Amino acid sequence: MDGNGRWAKQKGLIRAVGHENGTKSVRQTVEAAAELGIENLTLYAFSTENWNRPKLEVDTLMRLLVSSLKKEIKTLHDNNIKLKAIGNLETLPKKVLKELREVIESTKNNNRTTLTLALSYGSRAEILNVVKEISVKVKNNIISAENIDESIINEHLYTRNLPDVDLLIRTSGEQRISNFLLWQIAYAELFFTKVLWPDFTKQHFCDAIIEYQNRERRFGKTSEQIS
Ligand code: IPE
Ligand code: MG
């Protein structure tokens, strides 16, 4: 979700207003995903690198997160959405963590769509963590080095219960991955749009899905093998 700051700047407003308006796009996208029956939607809400922004902006984002969680719990239940979170969650302010845990607990039996928030998330940190956890298990003879395979790596990622990414959408015209789900996007279709995140609507989301549906996913095979 990118472009909140530029959206505000274009309108002569402070960045916080861009972030606030970005929450409307979150609601639209989440509702659209549930309506379309998409089983998993993961939103990159705050990266490990975002901690390096000015403190005032980080505080604003954390405050927005708490208020959105409080406000949107009804939206989640109305749409039968389960909330999850991935990332180095211990680094989040206590207030955020408390609210997050409450909403996760409250929505755990919902089963239409799983909404995963990537918070204080960085893919390299995630992979590093996997390497450490597996190393300890090898050392303690729980796993043998020869048996390490992709499924064992998958089981140690924060996303252990999620499938690989099918479609990755990035807004605001940037054509980068920025440390997001690097392992999990190996065969994802990438969709880049110039639309700034606060302008992103249900229609834009559907446009991305339609484009995705028209891509041929070959996973290394030939077109003939696929059809
Ligand atoms: C995305 O918008 C929001 C977060 C990273 C939390 P930006 O804040 O990155 O907006 P730009 O890139 O400055 O326009
Ligand atoms: Mg940005």
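The values are calculated or read from the model by the stated rules, or taken from the named source; none is laboratory data. Remember, predicted model here, so these are calculated numbers, not experimental data. Here the Cβ is made from the backbone with ideal geometry for all residues, glycine too, and neighbour counts use every protein chain on show. Accessible surface is based on the protein model in full, side chains and every heavy atom, while ligands, DNA and RNA are left aside. Shrake-Rupley method; radii C 1.70, N 1.55, O 1.52, S 1.80 Å.
Descriptive notes on the structure:
- As a summary of the residue check, residue 173 satisfies the conditions (1) within 16 Å of ligand 1 (Cβ to nearest atom); (2) under 16 Å from the mean Cα position of the chain (by Cα) except for the one numbered (2).
- Meets criteria (in contact with a Ser or Thr (Cβ under 9 Å, 6 or more places away or on another chain) and either open to solvent by 20 Å² or more (accessible area, probe 1.4 Å) or more than 16 Å from ligand 1 (Cβ to nearest atom) (or both)) for residue 124: yes
- If you check 98, 82 for being charged (D, E, K, R) and touching a Ser or Thr at 6+ places or on another chain (Cβ under 8 Å), only one passes: 82.
- Screening residue 40 with (1) open to solvent by 30 Å² or more (accessible area, probe 1.4 Å); (2) out of contact with any strand residue (DSSP E or B) (no Cβ under 6 Å at 6 or more places or on another chain) gives one miss only, at (2).
- Failed condition for residue 72, given (1) part of a helix (DSSP H, G or I); (2) acidic (Asp, Glu); (3) within 15 Å of ligand 2 (Cβ to nearest atom): (3)
- Segment 114-167: number of residues that are part of a strand (DSSP E or B) and out of contact with any Asp or Glu (no Cβ under 7 Å at 6 or more places or on another chain): 7
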